[in-house]
Amino acid sequence: MIFDGFPRTLRQAKMLDEELEKYNLLLDLIIKLDVPEEIIKSRLLYRAQKEGRTDDNEAIISKRLKYYYRDTLPVLDYYKQTNKNIVSICGHRDVDIVFNDICLHIDKILLQKMQI
């Protein structure tokens, strides 16, 4: 199962863990894409121009980044404390390279599960 943009808060992470535990499931892998803030901003501003998105302006982007640092980064700390498998991938390279890196990490987990 792949979650994209969830959990965003510590509360959501704990709720997710509780639900997974009910079904004897685990988070096998957490992938964090590392992208410098300036590149994030430029990508979102470009997307705003290209796709006509009004929610990708500088004020809203800054607000979303503020929420990310305040609410979402603590989720990674929580999962680090619970010994989850967290992989950081450089996300400001060519999209095919990033995709291949993600696939390699997923394949590694799948191979481990097949050997169990």
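What follows draws every value from the coordinates through simple rules; no lab data is involved. In this text, all values refer to a predicted model and were calculated from it rather than measured experimentally. We place every Cβ from the backbone using ideal geometry, glycine too, and count neighbours over all the protein chains shown.
Tabulated data for the structure shown
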read-out: Percentage relative contact order, the chain, counting C-alpha pairs under 8 Å, at least six apart; value: 36 percent
read-out: Cα long-axis angle, helix 37-51 against the chain (0 to 90 degrees, to the nearest 10); value: 70 degrees
read-out: Proxy reagent accessibility, fewest Cβ within 10 Å first, across T54, T9, T72; value: T54, T9, T72
read-out: Residues I30, I2 arranged by fewest to most Cβ contacts within 10 Å; value: I2, I30
read-out: Cα-based radius of gyration of the range 43-85 once divided by 2.2 N^0.38 Å, which approximates compact folds; value: 1.59
read-out: The chain: C-alpha pair distances exceeding 19 Å, %; value: 57 percent
read-out: Gained length - N57 relative to L111, 0.36 nm times residue gap less alpha-carbon distance; value: 15.2 nm
read-out: Members of K22/K63; K66/K113; K22/K80 lying beyond 27 Å, as alpha-carbon distances in this model show; value: K22/K63; K66/K113
read-out: Cα centroid of the range 57-116 to Cα centroid of the range 1-39, whole Å; value: 9 Å
read-out: For the chain, size of Cβ-based charge dipole, Lys and Arg +1, Asp and Glu -1, in debye; value: 260 debye
read-out: Whole-Hz ³J(HN,Hα) from phi, Karplus 6.51 cos²θ - 1.76 cosθ + 1.60, for the range 28-33, glycine and proline x; value: 7, 7, 10, 10, 10, 8
read-out: Under-5 Å amide H pairs with K32, H placed in peptide plane, nonlocal only; value: V87, S88, I89
read-out: Cα-projected label distance for K84 with L45, points at 7 Å along beta-carbon direction, nm; value: 3.2 nm
read-out: Nearest 10 degrees, 0 to 90: helix 95-115 Cα axis against the chain principal axis; value: 10 degrees
